[in-house]
Each structure stands twice: as C-alpha cells, then as structure tokens.
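J.: Okay, here's the structure, questions in a sec.
The values are calculated or read from the model by the stated rules, or taken from the named source; none is laboratory data. Small disclaimer: the values here were computed from a predicted structure and weren't measured. A quick note on method: Cβ atoms are made from the backbone with ideal geometry, for glycine too, and the neighbour counts reach across all protein chains shown.
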Amino acid sequence: MGYLKVSSKSSPSSVAGAIAGMIKDGIPVEIQSVGAGAVNQAVKAIAISRGFLAPVDIEVVCAPSFADINIDGENRTAIRFTVEPRYNKAERSSSDKY
C-alpha cells in the first residue's frame, strides 16, 4: 500500500481533500510524515477532513504509529497515521469483531 507523504510545506486543505475523497471511496488512508512540521500539517489535514466528511455523515478514526525509513541513505523515524471510517455499533453486522 502506498502512503500520502506529507511535508511541512504540504497544504493541509489539499491533503484533507485527498483523505476525504479516499474515505468516501472506501479506501483506508495511510499518511506518512517525517519531522515536527510535517506531523503538524498531517494532523491539521486529518482535522480538516472531518469537516469535509461531516455533511455525508462519515466520521473517521486515526491511529498513529512509528516507522523506520531510509531517506537518501539516512535512517529516519516517520510517523504514520492510518485513517479509516468509524462505524457505530448499530451499523456493524453481527459478524464484525469489536
């Protein structure tokens, strides 16, 4: 699976639009950021995407994780965010696990 790579110069509104579009299409979103500024832009984008998805009654949940990556021969630690739609218990089928 690919990642939406967010930098400190990424536009949060543009990233939010990409997140909302993928979530509407039923595609879970993986975001990868390296550095404090990039993580800040990613978090803002996730918050903005909630506003884009609210009119169509979709809520999202976000799970952060660490990832060791290599950039230009240098090992770095990235923050990855998995963004998925959140389902209410009433919307889950009996076969879904909690």
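J.: Say whether the condition of being surrounded by 13 or more Cβ atoms within 10 Å (Cβ to Cβ) and outside any helix (DSSP H, G or I) is met by at least one residue in the stretch 47-58.
T.: Yes: one or more hits.
J.: Here are some conditions: (1) hydroxyl-bearing (Ser, Thr, Tyr); (2) in a strand (DSSP E or B); (3) touching a Gly at 6+ places or on another chain (Cβ under 7 Å). Ser8 meets all but one. Which one does it not meet?
T.: All conditions pass for Ser8, except number (2).
J.: Can we say Ala16 is of a type in the set (A, V, I, L, M, F, W, C), modelled with pLDDT of 95 or more, in contact with a strand residue (DSSP E or B) (Cβ under 6 Å, 6 or more places away or on another chain) and not in a strand (DSSP E or B)?
T.: Numbers: of a type in the set (A, V, I, L, M, F, W, C): yes; modelled with pLDDT of 95 or more: yes; in contact with a strand residue (DSSP E or B) (Cβ under 6 Å, 6 or more places away or on another chain): no; not in a strand (DSSP E or B): yes.
No.
J.: Also, I was wondering about something else. Of all residues in the stretch 19-46, count the ones that are more than 12 Å from the chain's Cα centre (by Cα), among the hydrophobic types (A, V, I, L, M, F, W, C) and part of a helix (DSSP H, G or I).
T.: 2
J.: Any residue in the stretch 67-79 that is small (Gly, Ala, Ser) sitting within a Cβ distance under 6 Å of a residue that is surrounded by 10 or more Cβ atoms within 10 Å (Cβ to Cβ) and not in a strand (DSSP E or B)? List the pairs, counting only those 6 or more apart or interchain.
T.: That search, which allows pairs on different chains as well, returns Ala78/Val34.
J.: On to the next question. For the stretch 68-98, give me each residue that is more than 30 Å from Ala36 (Cα to Cα) and either of a type outside the set (Ser, Thr, Tyr) or at pLDDT 95 or above (or both). Quick ask: steps written out before the conclusion?
T.: Narrowing the stretch 68-98 to residues more than 30 Å from Ala36 (Cα to Cα): 87-98.
Matches in the stretch 68-98: Asn88, Lys89, Ala90, Glu91, Arg92, Asp96, Lys97.
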